[in-house]
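The values are calculated or read from the model by the stated rules, or taken from the named source; none is laboratory data. Keep in mind the model is a prediction, meaning the values are calculated, not measured. Cβ placement follows ideal geometry from the backbone for every residue including glycine, while neighbour counts extend to all protein chains displayed. Note: accessible area is taken over every heavy atom of the protein model, side chains too, but ligands, DNA and RNA are not part of it. Shrake-Rupley method; radii C 1.70, N 1.55, O 1.52, S 1.80 Å.
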Amino acid sequence: TAMREGKATRNVCEMVDPPRKAKVEQGALSVEQAIELMAHLVGRADGALWATYLLTGARRGEILGLEADRVTDFLDLSWQLLRISDISTAPADYEYRHLEGTFYLTRPKSQSGARVIPLVEPLKSILALHMQTVGDGLVFTRNGSPWDPDGATEAWAKLLAEAGLPSNVVLHGARHTSIDLLHAAGVDWDTIKDIVGHSDKKMSLAYRSKPDMNRLSVALEQMSALIHPKIEA
């Protein structure tokens, strides 16, 4: 940005090797655990919030920043909610809308991040019921104000504890869970990347928490069937 605005003649970051991130094993809910959590959400005031995470694979800020006029037969995930302490430090081309205090709606950092996905059952009915209790503006609020992103992460951890589910599945793990569920349902990786807003399917593959052993077994059995008759013969 500094180079583009003429404030620097070169990018000094390119003079050194980038630091390598430590690989963190991301926990995710199994199909059975996801079903158990959905049952636990019935009747909860915040149930629609967590169901939306599980059934879309969207990012934390995308759901917290979802507005009523962007919920139709589709979910328009073209804005996300962030807490920004000093907006004056943002680049000149940074697109944002102020909500209140340090809460802002901002555009996703990549073009693939801003997307529209179909709204299907059961989430369609879950959101329709929830939105009877909200007006214009944000679909999900806490005590009338935007959810603090870190507060949502803490509330998710408390929810899992109450439901007796693994504590190592952080809120971002709901995104991993959705990708696992899409894969288990037989959805191809190109479609998965479009749903969750990844730039390429390699990134979606990296989000897969673990191989699907049932799928691997079927694949190996299919391969073995090609040669097994010949071996016995």
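Points worth noting:
- Formal net charge of residues neighbouring Leu159 (Cβ-Cβ distance under 9 Å; K, R +1; D, E -1): 0
- Charge-dipole axis of the range 31-160 as Lys and Arg at +1 and Asp and Glu at -1 on Cβ define it, positive-most pick from Leu99, Val71, Thr52: Thr52
- Reducing the range 24-100 and the range 177-191 to their Cα centroids gives an inter-centroid distance of 19 Å.
- The HN-Hα couplings worked out from phi for the range 149-166 by the Karplus form 6.51 cos²θ - 1.76 cosθ + 1.60 (θ = phi - 60°) are x, 5, x, 5, 4, 5, 5, 5, 4, 5, 4, 4, 5, 5, 8, x, 9, x Hz, whole numbers, x standing for Gly and Pro.
- ³J(HN,Hα), Karplus 6.51/-1.76/1.60, whole Hz, each residue of the range 174-188, x for Gly, Pro: 5, 5, 4, 4, 4, 5, 4, 5, 4, 5, 4, 7, x, 6, 6
- Using 0.36 nm per residue and subtracting the Cα-Cα separation, the extra length available between Ile117 and Asn11 on full extension is 34.5 nm.
- Amide H to amide H, with H built 1.01 Å from N, Glu67 comes under 5 Å of Val139, counting only residues 5 or more places away or on other chains.
- Three principal axis lengths of the range 1-121 [C-alpha, angstrom, descending]: 57, 36, 27
- Dipole check for the range 1-152: with +1 at the C-beta of Lys and Arg, -1 at the C-beta of Asp and Glu, and the Cα centre as origin, the magnitude is about 460 Debye.
- Accessible area expressed per residue, the range 1-101, with surrounding protein chains retained (probe 1.4 Å, Å²): 65
- Between Ala39 and Tyr96, the contour length at 0.36 nm per residue exceeds the alpha carbon distance by 16.9 nm.
- Amide H partners (placed H, <5 Å) of Leu99, local residues excluded: Tyr104, Leu105
- Amide H contacts under 5 Å for Leu75, placed H, 5+ residues apart: Ile117, Leu119
- Karplus-derived HN-Hα couplings along the range 4-19 (A = 6.51, B = -1.76, C = 1.60, θ = phi - 60°), whole Hz, x at Gly and Pro: 5, 8, x, 8, 9, 8, 7, 8, 5, 5, 6, 8, 10, 6, x, x
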